[in-house]
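Below is one structure, written out as structure tokens, with a few remarks after it.
Bear in mind these aren't lab numbers, they're just calculated from the coordinates by the rules spelled out. None of the values given here were measured: they were computed from a predicted structure. FYI the Cβ positions are ideal-geometry reconstructions off the backbone, even for glycines, and counts take in every protein chain you see.
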Amino acid sequence: MERRVSHPDLSRVAVVGTSGSGKTSLARRLADSLGATHVELDAIHWGPGWSELPADELREAVAREIASDRWIVDGNYGRVRDMVWARATAVIWLNYPFHTVFSRAVARTARRVATGEEIFSGNRETFRAGFLSTDSIPWWVVKTFRSRRREYRQLFEGDSYPELAFIEFRRPREADEFLQRLSPGAR
């Protein structure tokens, strides 16, 4: 469901949603379609050994990434939202049902554990961290799903960012159809 404008400017887009909703996948596909740079906030935030970049360094790194005129950023980092959304022309919210998001998070974690896939900065998910820890992504989805949904509903319905086009997808099919509608003329 698109909000506020029918033909949004997609030159600088923030993609948000609960962990496991598919933010990075959609952002990559959108960046490819639009010839824009893809910026993954998780890849900036997490260093080797799952170390977190200090807030001031995160803000500096993100500022460098969003200084250009064409980008697609994915992530939910409140510490940089003010910067990203101030430069963005549109925000896409992947507001999918819990069962969709949770099943995606479990499947993605299982795949990463099974394959030993490097995520970023040499980090890999382990069975223990991925499924037995209260800090695992599936548990994070359980803990944050409702609060994240309330937070983004308030942001989308509020008037803090009147210049932004807000686009909400409630099903993965809607996001796929949106990407299919993009053409060179949409750039």
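Among the residues of the range 32-47, how many are among the hydrophobic types (A, V, I, L, M, F, W, C), in a helix (DSSP H, G or I) and surrounded by fewer than 21 Cβ atoms within 10 Å (Cβ to Cβ)? The number of residues fulfilling the criteria is 2. Screening residue 179 with (1) in contact with a Leu (Cβ under 9 Å, 6 or more places away or on another chain); (2) more than 18 Å from residue 17 (Cβ to Cβ) gives one miss only, at (2). Scanning the range 150-164 for residues that are more than 15 Å from residue 78 (Cβ to Cβ) and either surrounded by 17 or more Cβ atoms within 10 Å (Cβ to Cβ) or polar (S, T, N, Q) (or both) returns 156, 164. Selection over the range 143-171 of residues that are outside any loop (DSSP other than H, G, I, E, B) and either in contact with a helix residue (DSSP H, G or I) (Cβ under 7 Å, 6 or more places away or on another chain) or among the charged types (D, E, K, R) (or both) gives a count of 12.
Those residues that are farther than 23 Å from residue 125 by Cα, touching a helix residue (DSSP H, G or I) at 6+ places or on another chain (Cβ under 9 Å) and not in a strand (DSSP E or B), I need them from the range 58-78; list them, please. Residues satisfying the conditions are 59, 61, 62, 63, 65, 66, 67, 70, 78. Do we have any residue at all in the range 16-26 that's within 25 Å of residue 182 (Cβ to Cβ), aliphatic (A, V, I, L, M), assigned to a loop (DSSP other than H, G, I, E, B) and touching a strand residue (DSSP E or B) at 6+ places or on another chain (Cβ under 9 Å)? The answer is no; no qualifying residue exists.
Looking across the range 55-108, the residues that are in contact with a Pro (Cβ under 9 Å, 6 or more places away or on another chain) and among the aromatic types (Phe, Trp, Tyr) come down to 96, 102.
Residues in the range 84-140 that are among the aliphatic types (A, V, I, L, M) and out of contact with any Ser or Thr (no Cβ under 8 Å at 6 or more places or on another chain): 84, 86, 88, 90, 91, 92, 106, 107, 110, 114, 119, 132.
Of the residues that sit in the range 15-26 and are in contact with a Gly (Cβ under 9 Å, 6 or more places away or on another chain) and crowded, with 19+ Cβ neighbours inside 10 Å, which one is nearest to residue 138 (Cα to Cα)? Of everything passing the filter in the range 15-26, 23 is nearest to residue 138 (Cα to Cα). All conditions in (1) surrounded by fewer than 17 Cβ atoms within 10 Å (Cβ to Cβ); (2) over 18 Å from residue 22 (Cβ atoms); (3) within 17 Å of the chain's Cα centre (by Cα); (4) touching a residue at least 12 places away in the same chain (Cβ under 8 Å) hold for residue 126, with the sole exception of (3).
Go through the range 92-122 residue by residue and tally those that are over 27 Å from residue 167 (Cα atoms), surrounded by 17 or more Cβ atoms within 10 Å (Cβ to Cβ) and polar (S, T, N, Q). Selection size over the range 92-122: 1. Taken over the range 41-79, residues that are closer than 20 Å to residue 25 by Cα, in contact (Cβ under 8 Å) with a residue 24 or more places away in the chain and not acidic (Asp, Glu) amount to 12.
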